[in-house]
Amino acid sequence: MADSPLAHKTSISPTEPATVLEREAGLRRELTPAQLAMIGIGSTIGTGLFLGSAISVKLAGPAVILSFLGGACIALTMMWALAEMAAAHPAAGSFGLYAEMYLHPWAGFAVRLTYWFCMMVVVGSEVVAAAIYCKFWFPGTPPWIWIGLFSLVILYVNTTSIGNLGTFEYWLSMIKVVTIVAFLILGTALLTGIGFPRLGFANFTAHGGFLPNGWTGVGLGVILGLFSFFGIEVVGSTAGEAADPKVAVPKALRKTLFVLVVFYVVGLALVVGIVPWTQIGLGESPFVRVFQTVGIPAASHVMNFVVLTAALSSAVANLYFGARLAFSLARGGYLPAILGRLSKAGMPVVAVLTSAGGMAAALVLSEHFKDSLFVFMVGLSTFGALFAWLMTLLTHLAFRRLHKRQAKPYLRLGPRGPWASLAGLAGVLAVLVSTWWVPGFRITLLAGVPWLAFVTVCYFVWRKARPHMPLRGVSRDG
């Protein structure tokens, strides 16, 4: 039933979720459950584990293990929230659409635009990381050459077809999964002396003890620990192109989080057990450093190849996500309509090309900020991810409250009641505030707060320019 113009101006119109989701029609549902899981793993296992983890080690020392466990607990609450909503409303707009439906159109606009912008930055940071890895083999080659080359490959993969993208991401992610498993086996053998001289566990307590920087270091390390789980939300966006989203998306989210916890926590425990934490530098991969330390040069070359593929697969997956957010915004009328157009293969090519802005920025900035570019770009993108997690958890509270009030069934994955999402909210807020005291991450708040103000102004200017466009939301009247 159509609403009156007055209703459009004064309240959120009671539009059914199906109507909101219908505007994103046209994407092809070709992704298999295995591809969904690998896209989720590919988007998360990148610089966070292989390069960004070095920052956490510097902050927390061997207690970085606790930092990543803390990040995993927060990520678990977000996974529950997103999986429940994605099963109920499978769409490319993911948490942005859910915020629009259950909170307010401003929330949906702000979180999608912010995360879209930050996805561009993240993709750029992954390409910068890939250039850092290539220095291991080609120290004399300028970084911009690698950044440009990798950017072209990533763009090609994201503009052919969703089937090809899923297959490419599956095998690229499989390389690092298999190799990380082998690394875990090798690292365990080195520590315990199975087939190698026993290293033991002295490095966990040497060089200042297990907590060399106290619990403050552990708390600050949670920032990078949580950052390493950013990207799991990409699985929510794949719901718009999954063959069986109501089953596959929650399953892929659970599998992705489980794999991440094992890889991050056990992997970093082996790293700080094999290499003294004081010897791990910010400009190198601690995983590659492990193989150099134990004198296995061939293995270090293999591991460097793996972390390179990890960064590239993460860039492919995150560009995919960024393009879907731009597509969703365009279909909702928030961005130019051309970004919502699909190619004959069902791919939002214009949205992909527009979302590649982060790689272009990385190409230019790499010559001016060679040493600090990675940390700067990660810190800037962290605000968008934290804001998205905050809005997802807030939306989930509204989602459950509405379903309980209207006695609507839904797939419940987390504990009953609001406490899990409230605990996740508290954890994300604590991480956001603590970025002020982490070197290189103060930009998170310095850029984030003005950005939100700018986005808010843009939204209300947009609303004033289009007063007769219906506000979209879920009916509260049942």
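The values are calculated or read from the model by the stated rules, or taken from the named source; none is laboratory data. What you are looking at is a predicted structure, and each value in this text was computed from that prediction instead of being measured. Calculation scope for accessible area: heavy atoms of the full protein, side chains included, ligands and nucleic acids excluded. Shrake-Rupley method; radii C 1.70, N 1.55, O 1.52, S 1.80 Å.
Which of the lysines could a cross-linker span from Lys464 if the Cα-Cα distance has to be under 17 Å and same-chain partners fewer than 8 positions apart are dropped?
The qualifying lysines are Lys9.
Taking all protein chains in place and a 1.4 Å probe, what share, in percent, of the accessible surface of segment 59-186 do carbon and sulfur account for?
On the way: 2980 of 3680 Å².
Carbon and sulfur: 81 percent of the exposed surface of segment 59-186.
For segment 81-113 and segment 182-215, what is the separation of their C-alpha centers, rounded to whole Å?
Going from one Cα centre to the other spans 43 Å.
Kindly sort Arg466, Arg112 by accessible area of their heavy atoms, largest first, with the probe set to 1.4 Å. Show your work: numbers first, answer last.
Details: Arg466 100, Arg112 0 Å².
Descending accessible area places them as Arg466, Arg112.
If you roll a 1.4 Å probe over the heavy atoms of the protein chains, what accessible area per residue do you get for segment 70-133, in Å²?
Values: 900 Å² over 64 residues.
I get 14 Å² per residue for segment 70-133.
For segment 102-216, divide the Cα radius of gyration by the Kirkwood radius and give the resulting Rg/Rh value with two decimals. Walk me through the numbers before you get to the answer.
Working: Rg = 21.3 Å, Rh = 19.0 Å.
With Rh from the inverse mean 1/r over Cα pairs, Rg/Rh is 1.12.
Tally up the carbon and sulfur contribution to the accessible surface of segment 385-455 as a whole percent, 1.4 Å probe, everything protein left in place.
On the way: 2560 of 3520 Å².
Within segment 385-455, the accessible surface is 73 percent carbon and sulfur.
Can you return the lysines within cross-link range of Lys135? Criterion is Cα-Cα under 27 Å, with same-chain partners fewer than 8 residues away left out.
Lys58, Lys176, Lys370
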